[in-house]
Every structure is written in structure tokens, then in C-alpha cells.
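I have placed the structure first, in the form of C-alpha cells, so that the comments after it can refer back to it.
The values are calculated or read from the model by the stated rules, or taken from the named source; none is laboratory data. Here the structure is a predicted model, which means the values were calculated and not measured. Using ideal geometry, Cβ is built from the backbone for each residue, glycine included, and neighbour counts are taken over all protein chains shown. The area values use the complete protein model at the heavy-atom level, side chains included, leaving out ligands, DNA and RNA. Shrake-Rupley method; radii C 1.70, N 1.55, O 1.52, S 1.80 Å.
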Amino acid sequence: MTLDVVDSLRSVVGAAHVLTDPSVTESYAVDWTGRFAGSTPAVVRPASTTEVAAVVEWCADNGVAVVPQGGNTGLVGGSVPLRREVVLSLRRLDAVSAVDSVTGQVTVAAGATIAAVQRAARGAGWEYGVDWGARDTATIGGSIATNAGGSKVARYGDTRAQVLGVEAVLGDGSVVSHLGGLVKDNTGYHLPSLLCGSEGTLGIVTGARLRLVPRVDERVVALLGFARVDDALAACGLLRRSLPSLEAVELMFDDGLALVCSSFGLSQPLPAPAAAYLLVECADRLDPSDALASAVAALRSTGAAVATEPGRRAELWRYREGHTEAINLLGPPHKLDVTLPPAALAAFVDSVGARVLTVDRRAQVWLFGHAADGNLHVNVTGVDPSDERIDSAVLDLVAEHRGSISAEHGIGTAKKQWLHLNRSAAEIAAMQSIKRALDPHGILNPNVLLPS
Ligand SMILES: Cc1cc2nc3c(=O)[nH]c(=O)nc-3n(C[C@H](O)[C@H](O)[C@H](O)COP(=O)(O)OP(=O)(O)OC[C@H]3O[C@@H](n4cnc5c(N)ncnc54)[C@H](O)[C@@H]3O)c2cc1C
């Protein structure tokens, strides 16, 4: 059976692009955190939409399950073959077309990285409005499949807000393509919206038409300290109200910041440590430094480090973006990416650590996130990576506060059994019907997101 699969796929994409050597396929079978690892008979690397369609059609005809994979930076175990599925890697589809300078749009293939799209946009005087730490590896296809968020959601929206059209291969191998880029186009169901956040279960995204935003080059970054968590959270609302140029407000805490400093040999950013920190970035056509300074003066901040020069701005961002990597160095973490209603955020921050400790006294709970969106990343280390009571403790608390169990990473396999906390039986049944319609043979990432 395995040999048949490999031979058949080789006839579709060429022998060189079906990888079977376990020492090579291994890196495609383990996720970024190291918590989710499986194995695969083959990693297939098509180079065009036609080849993707041929691979999917063959898999549909032969009942072979497929896990689509982009940069494999997903954090919920959705991009790796945990049940011996074939891995369909989109990385060879990496073309970025010329930016349309009139509409401010660009067509890109699914395997292009976020950084490649950002570079193309900047080169043409525009900007891609989505950004996060894994930009050099994460792909456009993966970001659509997860509806990725990142640090600029408050200003520009999530990935769904940037996607004007998609090209995708559905579960029977048919191709849907709508890349014209019309901004107003009410001609039936909006498949791009449906594919955003579908985690590879409805179609393989092969290309997208993306909306760009005007490029703004005058930037200032401030790292602010606060004696109390409440003060930091209140500051977030005030900054949003008073600064139209606000691009990012990121939240960190004393223990996480200290971990980043010790992991990467960085000095503390402020003269005195604080309980909570906000990393704030403003961007505009004219220097936004004065506007930011007067907004900061109205806050209860205990200290600030401010940077306008690009290198120094990047150094301040390192304190925030270093969190994911530093926590992973402690061992595979439980990663729970959640949103709380603004009124519940402080209470959740206060109680989540104690709730986790009731499950395992060894647990260390790390919090950070995108404060402007109420999005907290709850990471738990020091415990058994497979102990699902930890995930339950956090996600039940989120549900008690009427939050979302997935802010931006998706459900994957990691949170599949808790979907009912946020979705009614009727909603799940509707999603299953959609899945059956677009993937009639049930071969597209069949083990993620929805109950089996
Ligand atoms: C350091 C770090 C920081 C991060 N910060 C953020 C953040 O701030 N915000 C955020 O939202 N995420 C963040 N992430 C998570 C991750 O980068 C995103 O989920 C990203 O969108 C995944 O893209 P990818 O190309 O790596 O997809 P993969 O990890 O390869 O896949 C993710 C999911 O999409 C599916 N998929 C991939 N490509 C396709 C395709 N072409 N068609 C259909 N399905 C596909 C996979 O099957 C899987 O279910 C971070 C990750 C890391 C490692």
C-alpha cells in the first residue's frame, strides 16, 4: 500500500519531489513546539496548482488522507501527520506577483512567506497589514488556513480582512479560483472567508489576492512598565482611544520578560523592574513620537524606553517576540491562545495560575499577548506535555469568562475536544455539513478541528 502511494505520487510530481527518507521527512512530522510528533509515508512537494489538484484527486480516489503544510509554524498540532497521513507541502509554490500600485493589491502563491509579501509590498510603497514573529517561515497559505492574527490586528484586522480572493483545490481535486480583486463583489457565498480559519479541512489554498495598506515610515516604539496589571490593561484602552497612529499594543509580565533576558543574554529594558509591561508601536506619515509621548504622560506608567531608530526599535521588539522561543527552550509547552472580554481580562490574569496549580503543583504559567485584542497566550511548562487536564483547566476558565478558546492559532488537534466550549451542537453540525460538501471523501486534514 505504502509503495503504491509513493509510486503514484511520484508519477504526479516527479520522483525528486516525493520525500520518503525518514531522516528527511522527520522535520515535516513534528510541530514547532515539539509537543506533536507523528510520521508519514511521504512528503509531496508539488510546484503548481495543477500538480496540487492532481495529488488531491489521486488521494481522493484512493482514500488517502492528506495534511497540508506551509511553514509548519502552527502551534496547535494541525500541520503534522499524527495518523500516518501524506504531507502535502506547499512551500514550492512561492511566487509573489508584481504589486498592483493602483489598487494596492498583490497576488501570491500559497507557499510565499509573510516576510516575502511584506518585502514586495514595501518595495512598491505599500505595506502588508499582518505581522508576527514567525514571519520568515510562516506562509500565506498557512496564515489563511489559520486566519492568523499577530500584532497589528487592532489597526488592520486579521488575515481574513486582507484576503480579497483565493485559489484553492477542494477535496475532490476541483479548483476554485477567484483572484480578480474586486473590492465590492457580492456574487454568492464568499469562499475566501470560509477558507480563512478552515485549517486545511475544506481546501488546499494555492494562491490568494491580498489587500495592502498604505506604507507609513515614521515609527516609534515604547516599552512601558506598570506597577499593577490593572494599570497596564487600563492604559491599553486609553492608548487606543487617543492615538490614531497606534499599530500594536503587546502585553508582557515580569517573569516572562526576565526569562527572555536570561535566555538570550539581554539586559533589563527599564531601570527598575515592573509587574507588567506594554510594548507600543505607532506609525504615521509624520513622526508620531510627540503624540505617543503625550498619551504616555497620561498613563500610570513607572518607566519607559523609547526608540525611533530601526535597530533600537527591533531591540525593544525582541523582548516581546523572544517569549515564544524562550518558553520553548524550557521543554514542549502547553500553548493556549485565548481571548477574554475586556472586562474579564484582569480577573483571568489573576486566577489562571492558581487554577493550573490545582492540576499540577509543578506547573509554571507564562502569560503574554496582544493586549489591544484581549488576546492572551497562556503557556504552561514544567508538566507532562500530554496531560490534558492542564488544557482543560485553562480552557474551562476561559469559557467561564465567556472568552474564546482560540484567538488566532486555531483548534488543530490540540483543542479539538474543547470545541463545544465555544460552539453549539448546531454550529458544529453545520460545520460538519460544509466539510462533507467540500471534501466528500474526507481526506483533507481529517483529524483536526471537528469531532471525528
Ligand atoms: C515564534 C512564533 C510566533 C507566532 N506568533 C503568532 C501570532 O502572533 N499570531 C498568529 O496568528 N500566529 C502566530 N504563530 C503561529 C503560526 O505562525 C501561524 O498559525 C501561521 O499562520 C502558520 O502558518 P504556516 O505556514 O507555518 O502553517 P502550518 O503550520 O504549516 O499550518 C497551519 C495550519 O494550516 C494548514 N495549512 C497550511 N498551509 C495550507 C494551505 N496552503 N492550504 C490549506 N491549509 C493549509 C495546516 O494543515 C495546518 O492546519 C506563531 C508561531 C511561532 C512559531
**Asked** Is it the case that some residue within segment 81-97 is within 19 Å of Leu179 (Cα to Cα), of a type in the set (Asp, Glu) and within 12 Å of the ligand (Cβ to nearest atom)?
**Response** yes
**Segments classed as strands (runs of 3 or more DSSP E), wholly inside segment 1-115, with at least 3 members that are of a type in the set (Asp, Glu) and open to solvent by less than 20 Å² (accessible area, probe 1.4 Å)** = none
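Select from segment 316-347 the residues that are touching a residue at least 12 places away in the same chain (Cβ under 8 Å) and more than 16 Å from the ligand (Cβ to nearest atom) and list them in ascending order.
Leu316, Leu340, Pro341, Pro342, Ala344, Leu345, Ala346, Ala347
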**Message:** Exactly one condition in (1) of a type outside the set (S, T, N, Q); (2) surrounded by fewer than 16 Cβ atoms within 10 Å (Cβ to Cβ); (3) under 19 Å from the mean Cα position of the chain (by Cα) is false for Lys184; which is it?
**Reply:** (3)
**Item:** Residue check for Asn379: open to solvent by less than 40 Å² (accessible area, probe 1.4 Å), within 14 Å of the ligand (Cβ to nearest atom) and either touching an Asp or Glu at 6+ places or on another chain (Cβ under 6 Å) or over 30 Å from Cys59 (Cα atoms) (or both)
**Value:** yes
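Can you tell me which residues in segment 202-226 are β-branched (Val, Ile, Thr) and either in contact with a His (Cβ under 7 Å, 6 or more places away or on another chain) or surrounded by fewer than 24 Cβ atoms within 10 Å (Cβ to Cβ) (or both)?
The answer is Val213, Val216, Val220.
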**Residue list for segment 362-376, filter: among the aromatic types (Phe, Trp, Tyr) and open to solvent by 10 Å² or more (accessible area, probe 1.4 Å)** = Trp366
**Request:** For His334, work out the one condition from (1) modelled with pLDDT under 95; (2) buried (at least 23 other Cβ atoms within 10 Å of the Cβ) it doesn't fulfil.
**Result:** (1)
**Message:** I'm trying to understand the selection: among the residues of segment 305-325, which are open to solvent by less than 70 Å² (accessible area, probe 1.4 Å) and within 18 Å of the chain's Cα centre (by Cα)?
**Reply:** Trp317, Arg320, Glu321, Gly322, His323, Thr324
**Asked** Which residue, of Leu299, Leu238, Leu233, Leu259, is in a loop (DSSP other than H, G, I, E, B) and surrounded by fewer than 23 Cβ atoms within 10 Å (Cβ to Cβ)?
**Response** Leu299
**Item:** Failed condition for Ala161, given (1) within 16 Å of the ligand (Cβ to nearest atom); (2) aliphatic (A, V, I, L, M); (3) crowded, with 16+ Cβ neighbours inside 10 Å
**Value:** (3)
